[in-house]
Each structure stands twice: as C-alpha cells, then as structure tokens.
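Chemist: Below you will find the structure I want to go over with you.
The values are calculated or read from the model by the stated rules, or taken from the named source; none is laboratory data. Since this is a predicted model, take the numbers as computed values, not measurements. Cβ coordinates were reconstructed from backbone atoms using ideal geometry, including for glycine residues, and neighbour counts include every protein chain displayed.
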Amino acid sequence: MSFCCSEFMRTLILTFFIASVPAGLSAQNSNADSSATDSTWSFYIEGYYYLVPYSNSIPGVTFMANHGTVHLEARYNYEDVRTASVFYGYNFNIGDKLQLTVTPMAGFALGRTTGFVPSLEIDFSNSKFDFYSESEYMIDFTGKEKDFFYTWNELAVNPCCNFTIGLVEESTKLFETKLNVQKGFFAGYTLGKFTASVYYFNPFSSKNYFVPTISVEF
C-alpha cells in the first residue's frame, strides 16, 4: 500500500508543533488577564460514511471542542478502521474579515493502529471562500515501517445562499487504492447549525468512491 509521505510536510508538522507548544502556553498566559479566560465552549460533531464499491464501506465520526486557545478532538475510524484517536492542541487566530486559524496538535491512536500522531490544521476563509487543510504523521508504536502520512485538503466557494462547492484531495489508510492521492469535488448545504455534504473522489477512475457527511456546530 502506498501513501503520500512528503518529507517536507512531515518535517513541517513536527517542527511547527514543537515550536508552537511553548508559544501557545505563552499566549494563553498573556490572555488570562484580559479575558480571565474566555469561558465559552464551542462544539463540532461530524459523521461520515465512506461508500467504497470495491471495498468495505466505512462509517466514522469526528468530535471537536474549542475553549479560547484550547482545542480538543476525538475521532473514530479516521486514521484506520477500528481505531480511535484523541488530540490536544492550540488555536492561533489572525484576522477579522479574512480569518486564519492555525491549530497544531498532538494525539494518540489506539486500536488496530496504535501510535503517536502530531497534526496540523489550517483554516483560511472569508464570507466567499474557505481553504481547510489537515495533515498528520502517524508514528506507529509497532514499527517504523508502518508509519504513514495523512492529509486532507479542500477549497470551497459559496456561490449563493447556503450552498458550498469545491475541490478536495486526501491520502488515506482506510482502504486499498492504486492512487497515492485521491482527488475529487464536493457540494454541501447549510441549514442553521447543520451542514450536509457529499464528496466524490477519483471521478475519472475505476477506484471512485463517495463520502456523504453531516455535521452540527453548537
């Protein structure tokens, strides 16, 4: 099985995480006097289902919680099937109308795959477009040969109303494929706090598959 194992991205994630932990602690301490700190929590839950014609279909779930600069995350069937993972990270927010959020995280995976997972999430957006990127490197406890790099990147635009369309790519370990990177497009619709989307990968290949998702923010 082959994966997108970019040495540059791998080094970037590890370096950014190591450098950002003390910076995050400093930022959190400096904000304590002004906000004492922010007592508001926000939550995000997403369920998804990999509909893979040539392999087993795979359900999964992701949960996120944010409290000021603190970011918590838990996943199931994400890094691998029958695998759960938990993360702790810091949010760095820049801008107002044009917003950039960078979140370095450290996590652990338990289950079929077990290991340490440094990760980096980036969200760059305004009212008309959104670029989201998540990259992580799985350091498998059972052997270096099982280490792998995972990435998900999407670029979305909001043409009208609550509709979203865009391009997406990912590299995954959930199932076998001859392609290192899966590319495709997606469409979504938001109603209140709920968003439903459908992703279609490898549209010009026999290894195409769908990923419908539904999420809620509160």
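Chemist: What is the number of the single condition among (1) touching a Pro at 6+ places or on another chain (Cβ under 8 Å); (2) surrounded by fewer than 17 Cβ atoms within 10 Å (Cβ to Cβ); (3) of a type in the set (Phe, Trp, Tyr) that residue 137 does not meet?
Modeler: (2)
Chemist: All but one of (1) touching a Ser or Thr at 6+ places or on another chain (Cβ under 8 Å); (2) at pLDDT 95 or above; (3) not hydrophobic (A, V, I, L, M, F, W, C) hold for residue 200; which doesn't?
Modeler: Unmet condition: (1).
Chemist: What pairs can you find where one residue is in segment 196-211 and under 9 Å from residue 186 (Cα atoms), the other is part of a loop (DSSP other than H, G, I, E, B) and at pLDDT below 95, and their Cβ atoms are less than 8 Å apart, with a gap of 6+ or different chains?
Modeler: Short answer, once both residue conditions are applied: 200/208; 201/208.
Chemist: So is residue 169 under 18 Å from the mean Cα position of the chain (by Cα), under 23 Å from residue 52 (Cα atoms) and modelled with pLDDT of 95 or more or not?
Modeler: The answer is yes for residue 169.
Chemist: If I ask for residues that are surrounded by fewer than 18 Cβ atoms within 10 Å (Cβ to Cβ), over 19 Å from residue 173 (Cβ atoms) and not hydroxyl-bearing (Ser, Thr, Tyr), which ones from segment 75-95 would you list?
Modeler: Passing the criteria: 92, 93, 94, 95.
Chemist: Identify all residues within segment 142-171 that are touching a residue at least 24 places away in the same chain (Cβ under 8 Å) and among the β-branched types (Val, Ile, Thr); write none if there are none.
Modeler: 142, 151, 157, 164, 168
Chemist: Looking only at segment 42-69, which residues are in contact with a His (Cβ under 9 Å, 6 or more places away or on another chain) and either at pLDDT below 95 or hydroxyl-bearing (Ser, Thr, Tyr) (or both)?
Modeler: 42
Chemist: Considering only segment 169-217, state which residues are surrounded by 14 or more Cβ atoms within 10 Å (Cβ to Cβ) and assigned to a loop (DSSP other than H, G, I, E, B).
Modeler: Once the filter is applied, which keeps residues that are surrounded by 14 or more Cβ atoms within 10 Å (Cβ to Cβ) and assigned to a loop (DSSP other than H, G, I, E, B), segment 169-217 yields 172, 173, 174, 175, 177, 181, 202, 205, 207, 208.
Chemist: Could you list, in sequence order, all residues of segment 37-89 that are under 24 Å from residue 207 (Cα atoms) and charged (D, E, K, R)?
Modeler: 79, 80, 82
Chemist: Which residue out of 110, 98, 120, 72 is loosely packed, with under 15 Cβ neighbours inside 10 Å and at pLDDT 95 or above?
Modeler: Testing whether each residue is loosely packed, with under 15 Cβ neighbours inside 10 Å and at pLDDT 95 or above leaves just 110.
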